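The values are calculated or read from the model by the stated rules, or taken from the named source; none is laboratory data. These figures come from a predicted structure and were not determined experimentally. Positions of Cβ are backbone-derived with ideal geometry, glycine not excepted, and every protein chain shown enters the neighbour counts. These accessible areas exclude ligands, DNA and RNA; they are computed on the full protein's heavy atoms, side chains included. Shrake-Rupley method; radii C 1.70, N 1.55, O 1.52, S 1.80 Å.
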Amino acid sequence: MAYALLLPFLLMLTLALRPLAITFWQNRRRRTVRSERELVEVIGAPLLAARPLRPEALRALSHQLLEHWFNGSRTLLPVISVGSHDGRTSLAAALAECFAAMGERTLLIDADLRSPSLHEKYSLKNRGGLADLLDGRDVQLAACRENLAVLVAGAVREDPLELLSRARLRHFLGAAARPFRVVLIDTPAAERGPDLEMFAALAGGALLVVRPGEDAARLARLRRRLTRCAARPVAAVFNHSATVFNQT
């Protein structure tokens, strides 16, 4: 009799605890990436060694990129990440300023047509930018530092992916290779759509910014997307929250 009375209670308790049990096992199964070794296991070995990124390492990374990527045959390098607020924009700007300080003519492009922010960083108006160029309107490069020009995202009046699919993008980037040795592209986060693949395919590679603790499955999906567009990870850097590169 007591068992019969207890059975409904046990059934209700089981149903109540089931979502918690599922969440527990999902978290147990979720694999995160917290070290350079774990990162390489997920994305494969990049051209340059995976490393934590600290301000003092920025100049060394710039020298390595000049030697192994921007070596005369390549000009373009998109900066990509899985999610928003991984430090992608801040790193792209810091690298661009470092190259400029080294005397390399550098162009920094805000290709995040979905959530542009470079114009705010350099106190520029967001007009006459990449979207305007792709739509056949006038554009203007802003000289923000010695040897550094910035092209803002501009006014987006069409679907961003449709704009980036136009032949004007390839022609512009080809023309930019003549006056600039380094062209860095700030792309939208991978979770926002396939926009970054346009630039990775044109460049043949990408610089990947990773926040420690990122889901390995999401990184693996991004790696497969790079493989589909015949692009390789050029460098993979951890953006620890303790560094200055912890913004968009």
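Tabulated data
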| read-out | value |
| --- | --- |
| Positions within segment 58-81 being within 16 Å of A93 (Cβ to Cβ), touching a Lys or Arg at 6+ places or on another chain (Cβ under 8 Å) and open to solvent by 20 Å² or more (accessible area, probe 1.4 Å), in sequence order | none |
| Enumeration of residues in segment 9-65 that are modelled with pLDDT of 80 or more and not in a helix (DSSP H, G or I) | R31, T32, V33, R34, S35, G44, A45, P46, L47, L48 |
| Extreme residue, nearest to R181 (Cα to Cα), among residues of segment 117-148 that are open to solvent by 10 Å² or more (accessible area, probe 1.4 Å) and in contact (Cβ under 8 Å) with a residue 40 or more places away in the chain | N147 |
| Residue within segment 94-112 that is more than 14 Å from A149 (Cα to Cα) and either crowded, with 19+ Cβ neighbours inside 10 Å or in contact with a strand residue (DSSP E or B) (Cβ under 6 Å, 6 or more places away or on another chain) (or both) present | yes |
| Check on D86, assigned to a loop (DSSP other than H, G, I, E, B), at pLDDT 90 or above and either in contact with a Ser or Thr (Cβ under 7 Å, 6 or more places away or on another chain) or under 21 Å from M198 (Cα atoms) (or both) | no |
| Residue match in segment 46-61 (condition: touching a strand residue (DSSP E or B) at 6+ places or on another chain (Cβ under 6 Å) and over 28 Å from D215 (Cβ atoms)) | no |
| Pair list, Cβ under 8 Å, 6 or more apart: segment 184-196 residue closer than 17 Å to A231 by Cα and part of a loop (DSSP other than H, G, I, E, B), other residue open to solvent by 10 Å² or more (accessible area, probe 1.4 Å) and among the small types (G, A, S) | P188/S115; A189/S84 |
| The lone exception for F180 - which of (1) open to solvent by 30 Å² or more (accessible area, probe 1.4 Å); (2) in contact with a Ser or Thr (Cβ under 7 Å, 6 or more places away or on another chain); (3) modelled with pLDDT of 95 or more it fails | (1) |
| Residue that is surrounded by the most Cβ atoms within 10 Å (Cβ to Cβ), among those in segment 192-220 that are more than 14 Å from the chain's Cα centre (by Cα) and over 25 Å from F70 (Cα atoms) | A216 |
